[in-house]
Structure formats: C-alpha cells, structure tokens
Number of protein chains: 2
Amino acid sequence: MAKMSRTNALLLSEEGARFPMTIIGSGVWGGSFSLDRAYSLEEVRTAASPHVADSNRETLKEALMKTGYLGDIPCSYRSTPMAAHFELHIEQGPHLVSSKQHIGVVTAAQAYRWYHIRVTGSDAHSGTTAFEHRADAMYASAQMMVKAREVAAIHGCLATVGIVQASPGSINTVPGLVTFSLDVRGSTTDLVQRVETYLREEFNLIARNDRSRKPCSVEWRVDFDSPAVEFHKDCIDCVRESAEAVVPDPKSQIRHMISGAGHDSVSTSKQVPTSMIFVPCRDGLSHHPQEFCTPQSCATGASVILQAAVRYDRKRFMGSV
Amino acid sequence: MAKMSRTNALLLSEEGARFPMTIIGSGVWGGSFSLDRAYSLEEVRTAASPHVADSNRETLKEALMKTGYLGDIPCSYRSTPMAAHFELHIEQGPHLVSSKQHIGVVTAAQAYRWYHIRVTGSDAHSGTTAFEHRADAMYASAQMMVKAREVAAIHGCLATVGIVQASPGSINTVPGLVTFSLDVRGSTTDLVQRVETYLREEFNLIARNDRSRKPCSVEWRVDFDSPAVEFHKDCIDCVRESAEAVVPDPKSQIRHMISGAGHDSVSTSKQVPTSMIFVPCRDGLSHHPQEFCTPQSCATGASVILQAAVRYDRKRFMGSV
C-alpha cells in the first residue's frame, strides 16, 4: 500500500469527537474502530467549508456510496489479512530535504492525543463589565493556549491549537463559551501523558482566575489517542536494505527517523509487522497547499517500497521472518 | 425615544467591517453613516446563526422590506429634525443595582474603537513541524489577546476579543491565518488611542517572534470608531431635575455616571442636545439571555424620560435653553 498524498479532512462522531478521515479505514481494518462507528461519522465544517444546512451533513457511508467507493470486501485484519504492511509517505517535515537525504527509514511513530477543550464563563457586555466582574472565556482560553505551548516546549513535546470557536460571537460581548482543539505530541506515550497532567492543573488555575470575582470552568474531552508505536524490526530491516540498494550513496542519503504524524501504519502495526518509508518534501511543508514531492523522490520511494515488499516476501518464503 | 432592550446583532459592510445593527439608524440620522451604505450592510454569521448558503446573506434593506419596516420618512437630522434627544436604557453594568440606586443621570459616553486583527503565518503539520519552524498564527494571536488585556488594564481601559476564527480549521494543522475582533474602550478618546498605539507595537513584536525562524505578520483594520462624548448640559439638567422629582430619596437614589456602551445618543449628540437615563438591571448583566429589568424600574425610567422631555420643551418655550 503506497500513499503519496494526504488530506487533513476531519469527521465527527455522534458525541462530537473529531477523527482524521485518512486513518479511519486502517483503524477499522486493525480493529481499533468499529465499522458502524466509522460509517456514522459526519463531515466536519470548517472555515473553508461551503455553508450548507446542518441537517445536510454527510456521513462517511453516504459519501462512500455517492462516490462509488462503498465496496464489499470486508475491512478487517481477520477476514482480509495481510502478511505485513509497508507505507510510503512524504516526510511532512524538513529533515530529509534540508540535509539532501533521499530516504527516511521510519523506525517508530510518536504518541499523540487530541483534546476538545471547553471553557465556560459568562456572556457580558464589553463596554460596561469591568475586568474583575468578567468570566471571560476567551481571555482564559488565550492564556491556556500560551501555557500549552510553554509546557509542551519544556517537555520536548509539541502542542497545537488548530480549531477555536467563541460564543456568542459578537464584537461587543465578552464570550461566555469558548471551545478549542488541542493536539499534543511526544516521542513517548508517557511524555504526552505528563504534559496532559500538567496542563489539566494549569488550565484549572487559569480558569479559576484569582484576580476576578467570577471564575470560568474548563472541561476536557479526549477525542483521539494514539500511543507511541515502534515498528517491526523485520520490516525496518527490509526497508533499510532496499534503500541501500536504491540510493546512490546509502551512507549519506539514508536517515533513520521517527514519524511525527499519525499514519495508517500506526493502526496496522497492532496486527501485522509494519514499517514506513519517508521521502523528502519541498520546504518540509505539509497540510499546506504548497505541499510538493518531486517526481524523482516519488520514483525513489516507489522503488524502495516495492523492493521492501519483495524482500519481506522472500524472507517469509525462506522462513527467516 | 425610549429603548429598553438591545440586541447585539452585527452587520457586515462590503469591505468586511462589522457594525452594530442597533445604532446604524441613529448613525444615518446623525449623518455619520450614509443611507446607501446602511442599506447594503449584510447580516453577520456567528456560531449561533443557522447554516444557510453564503449567497443568501440578507442585507439590511432586504430585512427591512421583509419585515415591513422600510418606511418613507427620511432618516436625516436635516429633513426630520428633533429639538433634543433623550434615551432611556438599562445600565448594562452593576453600579446602580449593587448600590440600590434608581436612576443614573448619564453625563457622557466613553470612547471605543473596534478593530479587526488579521494574523498571517503559514499552515504546517502539527506533528512534524518543530516550534522553531512554525509561523503559528494561533499561538501569536493568543499572546496578543493576553497582551491586549494587560495593556488595557494598565491604562484603566477595557479590551475584549469576542470573535475569533482560525484557518484552515483542522486539529492537526498549525493555523496559517487567524482573525479576531478587538474592542477597546476608555473614558477618553486619547486613552483608547494610547492603548492602540501601544498594542500595535506589542503585536508586531509578538508576530515577529524572535524564537522562531518563521515570523507571522499582523494587520489592523478599524471597523468602528466612537470618540468619547459629553452629553448636553441642558439635557443633563432636565434628566437630573426629573429624577429628583420621581425617586423617593434623590440624594441616595440618583447617580451621575458615564456610559460604557455605545448608544444611539452618541450619534444624535453630534446634531442635537442629548442625554441619557439609566435604570438598574439584574446583576448588571447585559448581552446575555438573563438580561432583565424589573417592571418598577421600567416605570421609574419612563417617568423620568417623559418629564425630561416635557421640562426641556418648557425651557425651550421660555427661551431658557
């Protein structure tokens, strides 16, 4: 399975949790996500979405039917097994391209957790309500966003706020409700957990706001939890051996690295030997309209994934994996 | 003209500036806003709005026609003059209610300015982009929001962020664009200007972000500018005298105060003698579903505004105003 591009569309569960569309299929195949739940996920509206009535939100199943992609092959590692899983992807980061390396042998994927944070204060008039009488959910949220970044940096992790909504959404009203997404990533599951624990405490302190007579409150919801994954040694070996056979100067042009992003391979690795291959992308850009991979890098990546699969098959045949 | 309730709906100009619906009429009457511009304002969608197609956004003129409120009396201080303007309003703040006072004699209205802030960074993947490679428009905006509050507090002013939008709006994408509203208020026009000057410098520093290799940029647009207004001495006198005649204990139950909010009276005061009367509201709440004024306070306020108009007319007849 090779995949050279990636959208960042999201789908919404009945409870309002958000999931990345691109890794739902592998989640169902790997057993971490039920088929019914996947089918019922609804499209998420963003600033970029056309405005259509809320009742018309399309489910994943409806979209698959509409586009003719609702197949009849069971999506399960039990009924549609694979011997191993290799995945080719752009790096989505700057390391390969800036060091002029050709292939990343991916040995692991970092942990990440997605949270939906809900800060509740009280609507009030912006011109007549002194700061000490405000329960300003936006001010509290802004402080939390800054704190999330600081705490993540201290722990060598990443924190990102990608979605934010303030209600009631009026220039001259102090927002009584703000919700925002928080994406925390780290090299180990434990590090992400430590950042979360720390931030839960800090967010509570910010919401309480001792300088105001009116506190806010804050609630957390975990929308997605992807523990750190180490890929399979046999698969990693196949990728490395293939890369060494394909690139002109293996010593300088191959890099062992871990994946910062979530991938289908995280789901498949729970059921079958798995690893990944990275190729460079322009300026390390991803989730951006200018995401780009040269035809040459695509071809190099395709050669490596093909050879890796053939090597793995040969080893299976020889009984050495 | 008495007005006892207030929505906080907003209207959008062609250039994207936002205006409060409730004071557009007096702005046109007072000559600070052209009729054509007012008619062409479009409704603003908020989190609370029903989702309908963008092309269906209603203009103010269409809404007036639909509801039968598009009249034929010219809206202008020239062709439809008034001798004076009195306005009755809930205080929208806690001072009267917490001191058990009945009437606020409003002598002035504070200055306020509404800004639309646009922070531009660069979309990037949340899992693969290290902090030093990010131009994170949301992180920059969050720091600006916190800074706005701090700077306003130092200057004895108010600052509020009521609307925020992050694009592209994906959990696992560092936002490359964030826009937010900023409402700054102060007792004098000069104070608001000083906060603005200070914040323009601070926002530039935040956007530049010396700890990252990738700066953001920030642009300001002034959407609405309401300089501080002192109401007319003759009108204030009429309101005070009326209040003294109406409330049981004038010494303890009347308060001289300035208005924190914008009102029609700010526009009318540019053309005719104007002042305002405040009555208490429950918990000082406004722009909130629980905004409430007791029937007794409504009646007291109505008596004061009626007497003030009669007093003013009598003084005109006597030639004393």
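The values are calculated or read from the model by the stated rules, or taken from the named source; none is laboratory data. These numbers were taken from a predicted model, which means no experiment stands behind them. Note: ideal-geometry Cβ built from the backbone for every residue, glycine included; neighbour counts use all protein chains shown. Ligands, DNA and RNA are excluded from the accessible area calculation, which covers all protein heavy atoms including side chains. Shrake-Rupley method; radii C 1.70, N 1.55, O 1.52, S 1.80 Å.
Taking the axis about which chain A rotates onto chain B, which residue of A lies nearest it as judged by Cβ position, and how many whole Å separate them?
A:ALA142, 2
Read phi for every residue in the range B:304-319 and hand back ³J(HN,Hα) as whole Hz from Karplus 6.51 cos²θ - 1.76 cosθ + 1.60, θ = phi - 60°, with x for Gly and Pro.
5, 5, 4, 4, 5, 5, 5, 4, 5, 4, 4, 5, 4, 4, 7, x
Output the relative contact order of chain B, whole-number percent, from Cα pairs under 8 angstrom with separation of 6+ residues.
About 28 percent, as a whole number.
With a 10 Å cut-off between alpha carbons and a GNM built on chain B, which of B:ARG185, B:ARG78, B:ARG200 moves the most?
Comparing B:ARG185, B:ARG78, B:ARG200 in the GNM, the peak value goes to B:ARG78.
I need the per residue convex hull volume for chain A, using only the alpha carbons, in cubic angstrom as a whole number. Intermediate results must be reported in sequence, preceding the final value.
Working: hull volume 49.6 nm³, N = 321.
Normalising the Cα hull of chain A by residue number yields 154 Å³.
For B:GLY93, list long-range residues whose amide hydrogen, built 1.01 Å from N in the peptide plane, is under 5 Å from its own amide hydrogen.
Residues meeting the amide H criterion: B:CYS281.
Explain nothing, just the number: dipole magnitude of the protein assembly as shown about its Cα centre with +1 on each Lys and Arg Cβ and -1 on each Asp and Glu Cβ, in debye rounded to the nearest 20.
Values: 66 positive and 68 negative charges, 114 e Å.
Roughly 540 debye for the protein assembly as shown.
HN-Hα J couplings of the range A:94-109 from phi, Karplus 6.51/-1.76/1.60, θ = phi - 60°, integer Hz, Gly and Pro as x?
3J(HN,Hα) across the range A:94-109, in whole Hz: x, 5, 5, 5, 6, 9, 6, 8, 9, 9, x, 8, 8, 9, 6, 10.
Could you compute Rg(Cα) / (2.2 N^0.38 Å) for the range A:88-175, with N its residue count? Working shown, then result.
Working: Rg = 19.9 Å, N = 88, 2.2 N^0.38 = 12.1 Å.
Taking the Cα Rg and dividing by 2.2 N^0.38 Å, one obtains 1.65.
Residues of the range B:158-310: accessible area per residue at 1.4 Å, in Å²? Numbers along the way, then the final one.
Details: 6440 Å² over 153 residues.
Dividing the accessible area of the range B:158-310 by its residue count gives 42 Å².
To the nearest 20 Debye, how big is the dipole of the range B:172-315 about its Cα centre, given +1 on the beta carbon of each Lys and Arg and -1 on that of each Asp and Glu? Don't skip to the answer; put the middle values down first.
Details: 17 positive and 19 negative charges, 50 e Å.
It works out to roughly 240 debye.
As I understand it, the value is the acute angle between the Cα axis of helix A:233-246 and the longest principal axis of the Cα atoms of chain A; what does it come to in degrees, rounded to 10?
Between the helix axis and the principal axis of chain A, the angle is about 70 degrees.
Starting from the Kirkwood radius over alpha-carbon pairs of the range B:55-106, derive D by Stokes-Einstein at 4 °C in a medium of 1.567 mPa s and give it in µm² s⁻¹.
After rounding, the answer is 85 µm²/s.
On a 0 to 90 degree scale, rounded to 10, what angle separates helix A:137-154 from the longest Cα axis of chain A?
Taking Cα atoms only, the helix is inclined about 40 degrees.
Calculate I(q)/I(0) for the range B:147-250 by the Debye formula, one identical point scatterer on each C-alpha and no solvent, and give its log10 at q = 0.16 Å⁻¹ to two decimals.
-0.86
Averaged over A:137-145, how many beta carbons belonging to a partner chain fall within 10 Å of each residue's beta carbon?
Details: counts 0, 10, 7, 0, 4, 13, 5, 1, 8.
Partner-chain Cβ atoms within 10 Å, mean over residues of A:137-145: 5.
In the protein assembly as shown, carbon and sulfur make up what percent of the accessible area (probe 1.4 Å)? Before the final figure, lay out the partial values.
Working: 14870 of 28280 Å².
Result for the protein assembly as shown: 53 percent of the exposed heavy-atom area is carbon or sulfur.
If you take the charge dipole of chain A about its Cα centre, with +1 on Lys and Arg Cβ and -1 on Asp and Glu Cβ, which of A:ILE236, A:THR160, A:ALA207 is farthest toward its positive end?
A:ILE236
Label points 7 Å out from Cα along the Cβ direction at A:ALA153 and A:ARG57: separation in nm?
3.5
May I have the extent of the alpha carbons of the range A:127-188 along their three principal axes, as whole Å values ordered from largest to smallest?
Computed over the Cα atoms, the extents are 47, 22, 12 Å.
Straight distance only, please: which aspartates and glutamates reach the Cα of B:LYS66 with their own Cα at less than 17 Å, same-chain residues fewer than 8 apart left out?
Filter leaves B:GLU42, B:GLU43, B:GLU58.
Among DSSP bridges having both ends in chain B, what percentage is antiparallel? Round to the nearest 5. Display every interim value, and only then the final one.
Numbers: 40 of 53 bridges.
Antiparallel bridges: around 75 percent, rounded to the nearest 5.
Using the scaling law 2.2 N^0.38 Å as the reference, what is the normalised Cα Rg of the range B:28-139?
Numbers: Rg = 22.8 Å, N = 112, 2.2 N^0.38 = 13.2 Å.
Cα-based Rg divided by the globular estimate yields 1.72.
If you fit an axis through the alpha-carbon atoms of helix A:189-208 and take the longest principal axis of the Cα set of chain A, what angle between them do you get, 0 to 90°, nearest 10?
Its long axis makes an angle of about 10 degrees.
Mind checking which lysines have their C-alpha under 22 Å from B:LYS147, skipping anything on the same chain fewer than 8 residues away?
B:LYS147 reaches A:LYS147, A:LYS214, B:LYS214.
What value, in deg cm²/dmol to 500, does the helix sum -39500 (n - 2.57) over DSSP H runs of n ≥ 4 give at 222 nm once divided by the residues of the protein assembly as shown? Let's see the in-between values first.
Details: 20 runs with 219 residues, N = 642.
So the calculated ellipticity at 222 nm is -10500 deg cm²/dmol.
If the cut-off is a Cα-Cα distance under 14 Å, which aspartates and glutamates reach A:LYS251, setting aside same-chain residues fewer than 8 apart in sequence?
Correct list for A:LYS251: A:GLU241.
Which value in Å does the Kirkwood hydrodynamic radius of the range A:189-239 take, with 1/r averaged over all unlike C-alpha pairs and then inverted?
Details: mean 1/r = 0.0702 Å⁻¹.
Over the range A:189-239, the inverse of the mean reciprocal pair distance is 14.2 Å.
Placing one identical point scatterer on every Cα of the range B:186-295 and ignoring solvent, what is log10 I(q)/I(0) from the Debye formula at q = 0.14, 0.19 Å⁻¹?
-0.81, -1.13
Could you calculate, for the protein assembly as shown, the ratio of the Cα radius of gyration to the Kirkwood radius, expressed as Rg to Rh? Write down the numbers at each step before the final one.
Details: Rg = 30.3 Å, Rh = 27.8 Å.
That ratio is 1.09, to two decimals.
If you rank B:ILE163, A:ILE24 by how much accessible surface each has, with a 1.4 Å probe, what is the order from largest down? Can you show the working numbers first?
Working: B:ILE163 30, A:ILE24 10 Å².
Per-residue accessible area, sorted high to low, gives B:ILE163, A:ILE24.
Using the Kirkwood radius over C-alpha pairs as Rh, can you work out the diffusion coefficient of the range B:244-288 via Stokes-Einstein at 4 °C, viscosity 1.567 mPa s, in µm² per second? Don't jump to the answer; show the numbers that get you there.
Numbers: Rh = 13.0 Å.
Estimated via Stokes-Einstein, D reaches 100 µm²/s.
How many square angstrom of accessible surface are buried between A and B, both sides summed, with a 1.4 Å probe and rounding to 100?
Working: alone 17020 and 17030 Å², together 28280 Å².
Roughly 5800 Å² of accessible surface disappears when A and B pair.
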